[in-house]
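The structure appears right after this line, and notes come after that.
The values are calculated or read from the model by the stated rules, or taken from the named source; none is laboratory data. In this text the structure is predicted, and so the values were computed from the model without any measurement. When we count neighbours, we look across all protein chains shown, and the Cβ atoms used for this are built from the backbone with ideal geometry, even at glycine. Areas reflect the complete protein model, heavy atoms only, side chains present, ligands, DNA and RNA absent. Shrake-Rupley method; radii C 1.70, N 1.55, O 1.52, S 1.80 Å.
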Amino acid sequence: MTKIKLCGLFRKIDIDYANEAQPDFVGFVFVKDSPRYITLKKALQFRQRLNANIPAVGVFRDAPFSEMVNLYQLGVIQYVQLHGHESEQVVNRLKQLRIPIIRAFSYTQSSFVTSADYVLIDGMKPGSGGIWPWEKITRPTQPFFLAGGLTPDNVTDAIQAVHPNVIDVSSGIETQHVKDLQKMIKIVRSVHNARN
Ligand SMILES: O=C(O)c1ccccc1N[C@@H]1O[C@H](COP(=O)(O)O)[C@@H](O)[C@H]1O
């Protein structure tokens, strides 16, 4: 079964929505220039409110190593997603601490070589809702997440074309820049019911 991550939860009610929609992962964005950025304090409250069976992914772009490790060790996040220019040395240091890692790449990059546990293939502007030509995908060797412009209406086609392990969505489950419960429920159902 294809899994799904609902990313960029930033209001308390988004956590209630996620508990109802039952995704396989949620994402908390710790990138300060994102409209979905949340503080450590908010993330702690969200983790306590979130169903204990749903792992939370921390999304980072060139964050201090100690910030990522601290959030993991506090139990706020269960995965680290790297969206910046982090080196393989950073990936390996996180691995030594047994922190599961998702390494993001743009589909335009020629190779997806990393020792991270998962690769995430995204469009050119993560979190923008921008769609990209999935047929251009180069399949990575690791299990991979597919992101970029996915919506409840196009996700089944994307799964059938690309066969990802996990779907990752943020803009496509929003209406007027806030999370939309109906879109969240619809996309989770579509992904879990899709033939892959
Ligand atoms: O969601 C954000 O604001 C964000 C900011 C910085 C880096 C990554 C971000 N989110 C990631 O973007 C894709 C979702 O894109 P879309 O909005 O569905 O097109 C996903 O990988 C998120 O984790």
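Table for the structure above
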{"item": "Links that overshoot a 32 Å alpha carbon limit, given the list Lys42/Lys136; Lys95/Lys186; Lys41/Lys136; Lys42/Lys186", "result": "Lys42/Lys136; Lys95/Lys186; Lys41/Lys136"}
{"item": "Protection proxy ranking of 102-114, 137-149 - average other beta-carbon atoms within 10 Å, highest first", "result": "137-149, 102-114"}
{"item": "Student exercise, the chain dipole from Lys, Arg, Asp, Glu Cβ charges, in Debye to nearest 20", "result": "360 debye"}
{"item": "Environment charge of Val188, counting only residues whose C-beta is closer than 12 Å and scoring Lys/Arg +1, Asp/Glu -1", "result": "+3"}
{"item": "Selected from Ile137, Gly84, Ala56, residue furthest toward positive end of dipole (the range 3-193; charges at beta carbon)", "result": "Ala56"}
{"item": "Average projection area in nm² (convex hull over Cα atoms of the range 87-196, one quarter of hull surface)", "result": "7.4 nm²"}
{"item": "The range 1-98 - percent of accessible surface contributed by carbon and sulfur, probe 1.4 Å", "result": "48 percent"}
{"item": "Shape call, the chain: gyration tensor on alpha carbons, a/c limit 1.5", "result": "oblate"}
{"item": "Cα→Cβ-extended label distance, 7 Å offset, between Lys136 and Asp33, nm", "result": "2.2 nm"}
{"item": "Relative contact order (percent, whole number), the range 39-149, Cα cutoff 8 Å, 6+ residue spacing", "result": "18 percent"}
{"item": "Karplus 3J(HN,Hα) series, Hz, for the range 30-38 with 6.51 cos²θ - 1.76 cosθ + 1.60 (x for Gly, Pro)", "result": "10, 9, 5, 8, 8, x, 9, 4, 10"}
{"item": "FRET efficiency, Ser111 to Leu44 (Cβ-Cβ, R0 41 Å, nearest 0.05)", "result": "0.65"}
{"item": "Average accessible area per residue (Å²) across the range 89-153 - probe 1.4 Å, nucleic acids and ligands excluded", "result": "52 Å²"}
{"item": "Candidate aspartates and glutamates for bridging to Lys3, where Cα separation is under 14 Å - those fewer than 8 sequence places away on the same chain excluded", "result": "Asp24, Asp168"}
